[in-house]
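One structure is given below, encoded as structure tokens.
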Amino acid sequence: MSVGNLEGSPHNRTALDDWESLLYILCWLGTYGWNTATSRTDIGDLHIKKWEEGSMENIAYEKRQHLDSARHFAIIPDEFNRDIPGIGPLQRLVKVLRKILIDEHKDDDLKGALLKDPEDDVDLNDDVFLKPSPEPK
């Protein structure tokens, strides 16, 4: 669910809200796996757990904290399940999607609840975004 929907925003739901929800689904799959063969049980203190615990307001707050900043968001895909073969491309995909949907989104009418922090510009060509994840052993 998008941050705007979690916060009970009075604004109409937009396509951006739907794309944001897709981003969450991809992060969920990358973290928890997509079938029993890739299912993860060692979730411990993963940051994504904050997206499911507590009140709607708390969940919205945690999601906003991660989405408002490329650096904070990078924590989520960095914790993806390394036992999933080829997880690296999904990690890069969600980082690029976040950048396109939030940092580079130009249509204010579709902006939804998320606002870009202009002091947090990050270059996706930076090593933190391009380094592949180690393949599982």
> Ignoring ligands, DNA and RNA, what percent of the 1.4 Å accessible area of the stretch 3-53 is carbon and sulfur?
Replying inline: 53
> Given R₀ = 35 Å, FRET efficiency for residue 41-residue 104 by Cβ-Cβ distance, to 0.05?
Replying inline: 0.45
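Find out how many positive minus negative residues lie around residue 46, taking Lys and Arg as positive, Asp and Glu as negative, among other residues whose Cβ is under 13 Å from that of residue 46.
Values: positive: 40, 49, 50, 82; negative: 42, 45, 52, 53, 62, 78, 79.
Within the 13 Å Cβ shell, the charges total -3.
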> Got a sec to turn the phi values of the stretch 54-61 into Karplus ³J(HN,Hα) couplings, 6.51 cos²θ - 1.76 cosθ + 1.60 with θ = phi - 60°, whole Hz, x for Gly and Pro?
Replying inline: x, 6, 4, 5, 5, 5, 4, 4
>> Which order do the peptides 41-50, 15-24 come out in when sorted by mean C-beta neighbours inside 10 angstrom, highest first?
In response: 15-24, 41-50
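The values are calculated or read from the model by the stated rules, or taken from the named source; none is laboratory data. Please read all numbers here as calculations on a predicted model, not as lab measurements. When we count neighbours, we look across all protein chains shown, and the Cβ atoms used for this are built from the backbone with ideal geometry, even at glycine. What goes into the accessible areas is simple: the full protein's heavy atoms, side chains included, and nothing from ligands, DNA or RNA. Shrake-Rupley method; radii C 1.70, N 1.55, O 1.52, S 1.80 Å.
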